[in-house]
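Scroll down for the structure; my scribbles are underneath it.
Taken together, the values in this text are just the output of simple stated rules run on the coordinates, not laboratory data. What you see is a predicted model, and the numbers here were worked out from it, not measured in a lab. All Cβ positions, even for glycine, are placed from backbone atoms using ideal geometry, and neighbour counts span all protein chains on display.
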Amino acid sequence: MKTTLHLSLVTAALALGSVASSAQTPADADSDDLRAVFETFRSDVNAFKVRTLNQAMQMTGPEAERFWPVYRRYEKELAVVADQKVALLREFAERCATDSLDDAAANSIARRWLKNVQARLDLWKKYQKRITKAVSPARAAQFLQVEHQMALFMDLNIAADMPPLGKVIKTE
């Protein structure tokens, strides 16, 4: 329960950080400060994920030696996918704030969002294979379970802060 509450608070802060950063423009003086706050949140989430994976997987020493280098590569690739998601959230929030979400923009954002979701799924598939090979199929399944749960928390927090499309889309 305590772990779930902590995760909810961290992910909510991360989600709010990404949505709040969407209101900034590159010209804003606070843009760099906001980016630093966002990176701190990301670092906190990553540290929490490592603690959670350690607790959930309870790997032996040799397993951990094989798992963590693979996991670090995964996190680097996941950061790229996450940055793309943040860019989409920023664009969506900007269009909502400026009342410029028309059908063409909504279609473009939706297509890129689905591509981003697929990129995360493809990354999970890729690293399930790598962790299976490096450690075992059972450890890869545990990894996927934890990653999926973390992703669900993030996605739910982000979705809760998004405006409903019916109120912001401009039809032609």
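Miscellaneous remarks
- Here the gap between Ser108 and Gln145, fully extended at 0.36 nm per residue and compared with their Cα-Cα distance, gives a gain of 10.2 nm.
- The stretch 36-87, Cα convex hull volume normalised per residue, Å³: 77 Å³
- Counting 0.36 nm for each residue step from Met162 to Ala79 and taking away their Cα separation leaves a gain of 27.7 nm.
- Fraction of the pair-distance distribution of the stretch 63-103 above 13 Å, Cα-Cα pairs, percent: 64 percent
- Sequence of Leu101, Leu114 once ranked by neighbouring C-beta atoms within 10 Å, starting from the fewest: Leu114, Leu101
- Simple label model, 7 Å out from Cα along Cβ direction - Thr132 to Thr60, nm: 2.1 nm
- Rounded FRET efficiency, nearest 0.05, which uses the C-beta distance separating Asp155 from Val70 and R0 of 25 Å: 0.55
- Rg/Rh for the stretch 65-168 stands at 1.08; both radii use Cα atoms, and Rh follows the Kirkwood definition.
- Note on Lys115 and Arg51: the extension gain reaches 20.1 nm, defined as 0.36 nm multiplied by sequence separation minus the Cα-Cα distance.
- Residues whose amide H falls under 5 Å from that of Asp102, counting only those 5 or more places apart or on a different chain, are Lys170, with hydrogens built in the peptide plane.
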